[in-house]
Ligand SMILES: Nc1ncnc2c1ncn2[C@@H]1O[C@H](COP(=O)(O)OP(=O)(O)OP(=O)(O)O)[C@@H](O)[C@H]1O
Ligand SMILES: [Mg+2]
């Protein structure tokens, strides 16, 4: 589903990602873990070209782009983005729209389905994330957990092959984390392909097939989630996990 | 001290009978004032959106002229600009046969520069995350601008835009110096005839104030509407 080769990214001459290689198969759930500043967000944002890598290539679905020589065309960017949906740490719901409008805006704009189908699907999805009775409220009137569940539904409305999550629960009060993780877990059970940046280690061990440990822009260790997150080979990974346990 | 205060001859300051008698005449003037103000505000808004968006372009052929325009309009007094239009342009063969048109052109062009800055800062105030979320939902630039950014930017732009609207209304008084018989000009005519300038200027001031109160009322209504999605 996703193949990344030799990806490199620098911000103003500071390397942030270095020779990143990774593969995500259809139906796999992959977790990205690592210390703050290690490049997890940047890697995720490269996958939908919110950041443009300097070198390397990304294949996602049937679309492949390489970076370095030519500037990316609008069409390349559009084609790549078709395959993924993204959930941000800060939700980024559209504040001037109700929840229902939030999740139907993009499909209604894209016009790939008729309105009736879109509305039907929206109500099914809202039900599924437990927000049916809030569909006419504005985001500002809802808790962070509710907003993040709405943001997940909004991304799902576009039927992405891959869902990208960037610390989806980091901005939430502890008691709201579970309701969001439950939604993500149910997606995993359905076979949704996902790449998740998270510090929730128990959650990651439970649902991830693979885990990547990032350190200073490199993928330092990768393998089955169970192994990487419980019994890692690298000392750095071990230190990182120990730090999290202490908290 | 209160005694001197008590000795003031109020009728020297404001002769309310004259004020009432001259009111119909002043309201005639107000009509012209409002025609200039409304047309000017309309054109200034159009200009403001176009120039504000051009100013944000990454292409120099758009943002350089926009910058120059904004700089010039913000840096020249409206009065001087109106003089140039009305007295200067005929010299090079462009004559405004109608002083009202000259006033509208002058006021629109001038305030268009200010509104361009309002438009630009309002659009920039919409968080980057909004653009990014829309991008990941496969919305393109103009779809995002129209559905996501402009509605949010409008809320931010309302108060400064209404400030400018009030400035436009008051700025139309400069048309009196190019012989447009608007509110201030009418007041001055009566003042000249009756030798009671103070009463007439106070009357004019009160009428400008009333107009701005009405504008402020519409501002409040719109703000309530655009703020309804915010709790508190
Ligand atoms: N737009 C940017 N401009 C310059 N530097 C940036 C930018 N975005 C990120 N960086 C830098 O790139 C490095 C990696 O950042 P990134 O956000 O990818 O880390 P992260 O692993 O997601 O960290 P966190 O756990 O704190 O979210 C950091 O040193 C950061 O300062
Ligand atoms: Mg991050």
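Read-outs throughout are calculated quantities, based only on the coordinates presented, and are distinct from any laboratory measurement. Here the structure is a predicted model, which means the values were calculated and not measured. Heads up, the Cβs are rebuilt from the backbone with ideal geometry, glycines too, and the neighbour counts pull from every protein chain shown.
Observations
- Förster radius 60 Å - calculated FRET efficiency between residue B:98 and residue B:57 (Cβ-Cβ, nearest 0.05): 0.95
- Between helix B:60-75 and chain B: long-axis angle, C-alpha atoms, 0 to 90°, nearest 10: 20 degrees
- Crossing angle, helix B:16-56 versus chain B [Cα axis fit, 0-90 degrees, rounded to tens]: 20 degrees
- The mean count of C-beta atoms from other chains within 10 Å of the C-beta of residues in A:102-109, rounded to a whole number, is 4.
- Alpha carbon convex hull of the protein assembly as shown, projected area averaged over orientations, nm²: 34.1 nm²
- Area projected by the alpha carbon convex hull of region A:87-159, averaged over all directions, nm²: 4.3 nm²
- Most mobile of B:154, B:33, B:144 in a GNM of chain B (Cα contacts under 10 Å): B:144
- Distance from the alpha carbon centroid of region A:200-247 to that of region A:30-60 works out to 17 angstrom.
- Fully extended contour minus Cα-Cα distance, from residue A:14 to residue A:170, at 0.36 nm per residue: 53.6 nm
- In Å, descending, principal axis extents of the Cα set of region A:63-105: 42, 20, 16
- Taking region A:73-98 and a reference point 7 angstrom along Cα→Cβ of residue A:190, the backbone N atoms nearer than 18 Å belong to A:83-88.
- Semi-axis lengths (Å, descending) of the ellipsoid that matches the C-alpha gyration tensor of region A:169-245: 22, 15, 11
- Relative compactness, chain A, computed as alpha-carbon Rg over 2.2 N^0.38 Å: 1.01
- Here the calculated FRET efficiency for residue A:3 and residue A:72, from their Cβ-Cβ distance with R0 = 25 Å, stands at 0.90, rounded to the nearest 0.05.
- Potential lengthening between residue B:163 and residue B:17 on full extension [0.36 nm per residue; Cα-Cα distance subtracted]: 49.3 nm
- Two-site FRET efficiency, residue A:235 against residue A:205, from Cβ-Cβ distance with R₀ of 22 Å, rounded to 0.05: 0.65
- Axis of helix A:174-189 versus longest Cα principal axis of chain A: the two differ by about 90°, to the nearest ten degrees.
- Cα-based Rg of region B:19-226 normalised by 2.2 N^0.38 Å, two decimals: 1.20
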